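Reviewing the structure listed below.
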Amino acid sequence: DFFVSFALGEPPRGTLRYATDLARRLKERDFAVFLCEDDLPPGHRLWATLDRLLDRSKVLVVIVNRHLLANPGGVRREVERFRRRHADDRIVVVTVGGALPQPGDAAPDPADAVVPIPVWLPGADRVLLNETEAAIEQGVASDKVVKDLALALTTTRSYLRWRWLFAGVLAVFAGLWW
């Protein structure tokens with residue numbers, strides 16, 4: 001269901017403890033969650049395994065803070081690989097401490113610490129989930145973020161069902177036409 005993409009390590013750049021708690025809470029709601037720290041078997045080819053898991057995931061959750069934006073590393077690669085296979089509306093960004101502007105915000109002041117959304121993330125018109133820096137430091141995902149991610153997956157599943165149903169109806173009509 002979910003692939004959680006985050007920076008390894010401790011704050012300020014790393015969000016490992018937070019991502020682990022987020023994955024645990026989503027699993028408690030009976031969602032399948034991929035978190036590389038827990039789920040990558042030793043000895044497997046890293047990017048081949050990640051590609052397979054990205055393909056199977058319905059929603060990519062990207063945890064973004066200011067320090068990650070300065071050095072996105074593997075998170076950027078995961079996002080780019082997911083975007084090649086799936087629509088942008090299947091990517092949910094959790095922005096930490098206002099690291100990214102919300103849709104409809106005024107253009108940031110050049111002296112402001114908020115940076116524009118980088119090209120490798122979905123466009124500026126996307127709704128972002130907000131998390132505090134304290135949540136990252138404590139390693140605890142907020143109830144609101146967990147609830148909103150569950151809603152995002154439910155919406156994605158519904159969209160995918162309608163798409164398959166529509167394709168099936170078209171296939172039946174095409175078969176009847178010929």
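Tell me the residue from Phe82, Phe3 that is on the phi < 0 side of the Ramachandran plot, in a strand (DSSP E or B) and under 14 Å from the mean Cα position of the chain (by Cα), please. One residue alone meets the criteria, Phe3.
Just so you know, in segment 26-57 the residues that are charged (D, E, K, R) and touching a strand residue (DSSP E or B) at 6+ places or on another chain (Cβ under 9 Å) include one that is farthest from Arg83 (Cα to Cα), and it is Lys27.
Condition check ((1) at pLDDT below 80; (2) surrounded by 16 or more Cβ atoms within 10 Å (Cβ to Cβ)) across all residues:
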site	(1), (2)
Asn65	no, yes
Leu68	no, yes
Arg83	no, yes
Lys147	no, no
Trp164	yes, no
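With respect to the conditions (1) over 15 Å from Asp148 (Cα atoms); (2) under 14 Å from the mean Cα position of the chain (by Cα), Gly14 falls short on a single one, namely (2). Taken over segment 13-42, the criterion of being open to solvent by 80 Å² or more (accessible area, probe 1.4 Å) and either in contact with a His (Cβ under 8 Å, 6 or more places away or on another chain) or part of a loop (DSSP other than H, G, I, E, B) (or both) is satisfied by Arg29, Asp30, Pro42.
Condition first: open to solvent by less than 80 Å² (accessible area, probe 1.4 Å) and either touching a residue at least 12 places away in the same chain (Cβ under 8 Å) or under 23 Å from Arg126 (Cα atoms) (or both). Now tell me which residues in segment 48-62 satisfy that. Write out each step before concluding.
Pass one, segment 48-62, residues open to solvent by less than 80 Å² (accessible area, probe 1.4 Å): 48-51, 53-55, 57-62.
Hits for segment 48-62 are Leu50, Asp51, Leu53, Leu54, Asp55, Ser57, Lys58, Val59, Leu60, Val61, Val62.
The values are calculated or read from the model by the stated rules, or taken from the named source; none is laboratory data. As the structure is a computational prediction, the values presented were derived from the model and not from experiment. FYI the Cβ positions are ideal-geometry reconstructions off the backbone, even for glycines, and counts take in every protein chain you see. For accessibility, only protein heavy atoms count, side chains too; no ligands or nucleic acids. Shrake-Rupley method; radii C 1.70, N 1.55, O 1.52, S 1.80 Å.
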